[in-house]
Amino acid sequence: MEGEPTLRLRIFDLNCWAIRYLSRRRQERVRLIGDTLHQEGFDLVLLQEVWSEQDYSDLKVKLAACYPFSHYFRSGVIGSGLCVFSRFPILDTLLYQYSLNGYPYMLQHGDWFCGKEPGSRAAVSAPLLSLSLQLHAEYCRDKDAYLPHRLVQAWELAQFIRHTSKAADVVLLGGDLNMHPEDVGIRLLRGWTGLRDAFAEATHFEGCKNGCTLVPDNCFTDKSELLPFPLGIRIDYILYKAISSFTVKCEELKTTTGRAPGMAIPFSDHEAVMATLHIQRQGKPAGATLGTADPALADVVTEARTEVGAGLRAARRQRYSSGRMAVLALLLLLLQATAALATLAGLGTQQPFPKLSFCLLAFLALGALVIAAGLHLFHTMEVKMLQGTEDQMWMVLRALQERP
């Protein structure tokens with residue numbers, strides 16, 4: 001990069017909403033995304049919710065000439081849905097799954113079955129840490145049962161960036177964070193890492209009002225979810241920061257506005273986010289790379305720790321309830337076993353229950369025992385993860401408060 005005073009980097013970020021058999025007009029939209037990326041010639045493409053590996057393979061073939069380097073992150077039961085396309089070499093990739101990602105019994109949401117994670121590092125004349133990611137969805141803003149999990153993910157993501165960005169000159173994060181700009185999770189992530197919001201920093205912006213990426217004008221969005229937000233909500237971000245002797249400025253940020261440019265349908269239920277960054281070497285190192293100088297950071301960490309603590313107490317209650325259910329199911333099985341042994345030993349004159357009813361009750365008790373034991377183990381792990389995150393936040397908070 002010393003030979004070039006400025007590097008102009010164009011980034012495309014999109015939650016593709018490409019769920020096989022469920023997403024409307026999925027194949028048509030994936031082809032449209034591929035055609036647009038081929039025509040526009042971005043430098044870096046970050047995609048989420050590409051759940052079908054066949055869709056990724058089709059995009060890879062179509063975009064091979066423009067984006068010779070790509071990677072699909074495979075994890076979880078149904079995959080992560082994350083993929084990266086780049087004009088520049090991808091030096092390496094790192095798959096890190098969040099320790100908490102919803103509940104296995106919430107089948108209608110399905111987040112637990114997805115292996116969501118960040119990761120990849122690309123070379124753009126200078127090392128660039130590029131992260132494509134997605135955090136747990138927010139299904140109910142008023143009663144957000146997943147807020148503690150999303151805060152744990154935001155904290156782990158911030159720690160991931162802090163520990164993996166030391167060899168990079170620039171950090172770039174793009175994805176569906178499922179958080180509003182004023183939410184504690186996004187404030188925690190930005191405050192603890194020093195990442196800048198491309199929307200707030202852009203010299204020129206073109207797109208939906210307030211940079212919204214879920215808008216009522218999109219024919220694929222659930223209009224009922226947006227009733228409290230008539231203009232839409234912004235949950236898709238491009239964040240960035242310089243690490244060493246570089247400066248990064250956002251020259252332009254664009255979003256689609258309810259439909260793909262020049263097309264009758266949108267790319268997805270989310271709007272695409274497109275940023276143009278200028279990366280330039282400066283004469284001296286950029287200085288502190290972490291956003292710990294912000295006096296409000298301690299308040300943000302305190303707020304996040306309070307929410308994680310509330311989630312911890314709820315997880316302990318659920319662990320206790322599932323453990324009690326497991327004990328009751330085990331006692332019922334033991335009672336049935338005792339009655340069966342007494343009948344076989346001839347201690348009873350006749351079997352008190354019909355055999356069919358007895359067997360059905362036994363299977364029911366066994367099923368309840370297995371389910372309750374599984375839930376008890378899950379909530380035990382959840383308690384440990386929440387407790388660990390709360391302890392980490394407490395250590396950071398103490399260090400921040402001790403600073404002059």
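FYI, it's all coordinate maths here, none of it is from the lab. On a predicted model such as this, the values are computed, not experimentally measured, just so you know. In this analysis, Cβ positions are derived from the backbone assuming ideal geometry, glycine residues included, and neighbour counts consider all displayed protein chains.
For this structure, a couple of remarks:
- Cross-link pairs LYS60/LYS166; LYS62/LYS223; LYS241/LYS384; LYS62/LYS254; LYS60/LYS223 - those with Cα-Cα distance over 26 Å: LYS60/LYS166; LYS62/LYS223; LYS241/LYS384; LYS60/LYS223
- In this simple spin-label model, placing a label point 7 Å from the Cα along the Cα-to-Cβ direction at both LEU360 and SER99 gives a separation of 4.5 nm.
- Residues SER165, SER70, sorted so that the one with the fewest Cβ neighbours within 10 Å comes first: SER70, SER165
- In angstrom, the C-alpha Rg and Dmax of region 298-402 are 22.6, 76.
- Fully extending the segment from ASP222 to THR247, taken as 0.36 nm per residue of separation minus the present Cα-Cα distance, adds 5.0 nm.
- Fewest-first ordering of VAL171, VAL152 by other beta carbons within 10 Å of each residue's beta carbon gives VAL171, VAL152.
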